[in-house]
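Every number here is computed from the coordinates shown, using simple stated rules; none is lab data. Keep in mind that this is a model prediction, so the values were computed, not measured. Please note: Cβ atoms are built from the backbone with ideal geometry, for glycine as well, and neighbour counts cover all protein chains shown.
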């Protein structure tokens, strides 16, 4: 009898979390081995929506690639496109009009806020506070309206193109954005009241899922998740692109490395993004919204790499060109893929409910992992 | 550390390395069997301290396969590109660097999955995206698939 | 017979007497049981449907939404439409599930909540049976539901269900203590376990006002523990849709799922009724000793309205809880009970006994 009991105590309880599960945010499959409620190991199984974008890009022109990079991290579609456009422009030595840079920076930051809002929604939902979900979605709507007005798309815009923008901004853009900033500055305090200070919320996140700075660097955990561990990885600050060397903003850092640190980094980042937009929105210079480019772009032979700060971390595009109209090889460094690789290291030994909270605080977007 | 000093440092670690300046990043090319020792010294030396592997790309050069490592030092703020070409196209094998940079564990699995480069000493060398019984390596240039849409 | 909405005693007595005149005592008992059964069943279904609708509206109100608004005016027939859909849905069986237990489990859950209604006094003279150990009966019966939940989780042959059931077992067994002890505190004050006596004793002020601080503490503890016992947020760990998809009822479909769903809402109704009865005076109108005019005006409101109103307020509070707070973790949940609520509760019982002993209560 004692042997049987010991045998049962040593057995692991395997459970498949996903590919259809409310808190894996898509079709991620985590194979958990549990003992009671404690998670012994987490094994991510990816690939359920792998579309082979890197392979597809080898048969697409540079203008066409934009429409695929949208579909990686669909919540920071603008920022992904920014990377590809900048890579092509830098490789060809194209000088962009100031207007394009202003608009791109503002759009990037709007996309970042919208992405963090959606993260906040799903964070609340994963912890069981469903009301947060609707608050976040309500405030995300004005941003999507702004996008829709200028770009025609709400989720996936394909607004940038090598050499500038597809279309000029809508005449009401500036007013809309200013209205949004005014509105959202109030609402973000509401977020804090509803969730940030809640006793249950702080108990569920503080001291849970600790990722040290050393591990964050080693795992390449970037973006708000990495900065929650004290890893200074803001590409906007350390390798400025577009207008980020002209605007003033802080790189939000926390040293605790727990779920709550990752949470508060994102909350503060939303405020910081509002500051950036505020500095730019009144000064958009007049001028062209794009440079005249050749209809068929051919990059000179060589290897190019461009890094940008997407909403979830460092996004990188590697293009190897043989001087043809198609790239020879495209590699997309997606932040979520690296962030996911740290999941086992963060979550093992925690409770199953904490795993959900950790996953929410890492904020992965599955199409970006699978590409 | 500027590029000249870095070049000198790399050459002191590995005299056979071929270092090229003037590109987007400083680029070092070494033989495949020198990879692990060079990577380890680049990571551990106080002067170079490349602690952040921000991109790992598998490449099909047509006649050979290779891997490109993009390295950065988080405190010294310099970058380096490390290029390795595998010796054998039929059976490409490299040493893993996932004991040096943990992020390489998943990135190498991806390279194995899509390009078929095997990594020695990797703790969990399985396909990561495709099914276990998938035939071929899709990112190779000679890969053909009847269902491929974009031609 | 005179029908009086302020006092149903004569009405129920009249039914009893006319039945007795017509048939033998045995058949009277059978008939009365049937009448009560049908009446409670109808009431049960009605309240269940209304509560589901109310929850959706309150939830929508909290979340800046409109809520159900298509079926009927203000969507009031939405839950009926949902019920019809659930009735028509296929009952999915799981391979290797324990068929017998799998089928029985929803009935155990719903029966447990059904039994508890019998003892609740809805108005003066309007209750199915007036036990002299009413509170004891209600506490005993309402904890039967956990057996159904455990069976559901065990027999489903699903891993999520099993985890949900085990959580639920640990949770309900723990919080049963707090529910029981906080009610015992009030039993000490009232000196009776009979629910009708307890209500009558609150004619000159509800226990929450006359019981000094211990009554307020007991009420707060009761609300927390009762929310936990009904598996509602923030204590809905047994379901925890973001962790366990749906917990113990993951594998249930159609009307069996509806039974679980209905039982959850009825449990909420029952615990709210008991809270209203024991702490807020049940059907007893709000009286302030000495204010004769005010008391008379209050007496004009029928007891049934008082009872429903108080229950509705408590249910509304429980819904606000659910839609505001994130969910706890299982170890935090048990810590809250065993390390905080239980010691406070035990101390509270002693305090109440002391107050009653010294005659400090009104």
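Overview of values
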item: Prolate/oblate/rounded label for the range C:30-116 (Cα gyration tensor, a/c 1.5); result: oblate
item: Ellipsoid equivalent to the range A:1-90 - semi-axes via the Cα gyration tensor, in Å; result: 45, 12, 10
item: Virtual spin-label span in nm between residue B:145 and residue C:321, 7 Å along Cα→Cβ; result: 5.3
item: Efficiency of FRET between residue A:193 and residue C:26 - r from beta-carbon atoms, R0 51 angstrom, step 0.05; result: 0.20
item: FRET efficiency, 1/(1 + (r/R0)^6) with R0 45 Å, evaluated for residue A:325 and residue A:35 via beta carbons; result: 0.20
item: Rounded to 10°, Cα long-axis angle of helix A:130-151 versus longest principal axis of chain A; result: 20
item: Whether the range A:55-189 is rounded, prolate or oblate, judged on the alpha carbon gyration tensor where a/c under 1.5 counts as rounded; result: oblate
item: Acute angle (nearest 10 degrees) that the helix A:173-191 long axis makes with the longest principal axis of chain A, alpha-carbon atoms; result: 20
item: Separation in nanometres of the label points that stand 7 Å from Cα toward Cβ, at residue B:33 and residue A:149; result: 6.6
item: Cα-Cα separations in chain C greater than 29 Å, expressed as whole percent; result: 45
item: Sorted by Cβ neighbour density within 10 Å, fewest at the top, the residues B:41, A:341, C:273; result: B:41, A:341, C:273
item: Kirkwood estimate for the range C:14-76, i.e. one over the average of 1/r between Cα atoms, Å; result: 14.7
item: Average Cα contact separation per residue, the range C:89-358, under 8 Å, 6 or more apart, as relative contact order %; result: 26
item: For C:230-243, mean number of other protein chain Cβ atoms within 10 Å; result: 4
item: Euclidean distance between Cα centres, the range C:187-254 to the range A:283-350, Å; result: 56
item: Distance from the range C:1-79 to the range C:110-137 (C-alpha centre basis), Å; result: 14
item: Nearest-0.05 FRET efficiency for residue A:90 and residue A:256, computed from C-beta distance (R0 35 Å); result: 0.40
item: C-alpha center-to-center spacing [the range A:95-149, the range B:1-76] in angstrom; result: 38
item: Where the Cα pairs of the range C:144-301 fall when distances are cut into 5 Å bins, in %; result: 2, 9, 16, 17, 14, 11, 10, 8, 7, 4, 2, 1, 0
item: Cα-based equivalent ellipsoid, the protein assembly as shown: semi-axes from gyration tensor eigenvalues, Å; result: 64, 29, 25
item: Projected label distance in nm at residue A:13 and residue C:301, using a 7 Å step from Cα toward the beta-carbon; result: 4.8
item: Cα-based helix-to-principal-axis angle, A:352-362 vs chain A, degrees rounded to 10; result: 10
item: Neighbouring partner chain Cβ atoms per residue of B:130-136, average, 10 Å criterion; result: 1
item: Share antiparallel - DSSP beta bridges, chain B, percent rounded to 5; result: 70
item: Relative contact order, percent, chain B [alpha-carbon distance under 8 Å, six or more residues apart]; result: 17
item: Amide N proximity, the range A:2-25 versus residue A:43 label position 7 Å along Cα-to-Cβ, cut-off under 18 Å; result: A:11-20
item: Whole-number Å³ per residue for the convex hull built on Cα positions in chain B; result: 125
item: Spin-label proximity, residue A:64 to the range A:321-350 - amide N less than 12 Å from point 7 Å beyond Cα toward beta carbon; result: A:325-327
item: Chain A, relative contact order [Cα under 8 Å, separation at least 6], %; result: 26
item: Over chain A, equivalent-ellipsoid semi-axes from the Cα gyration tensor in Å; result: 37, 25, 17
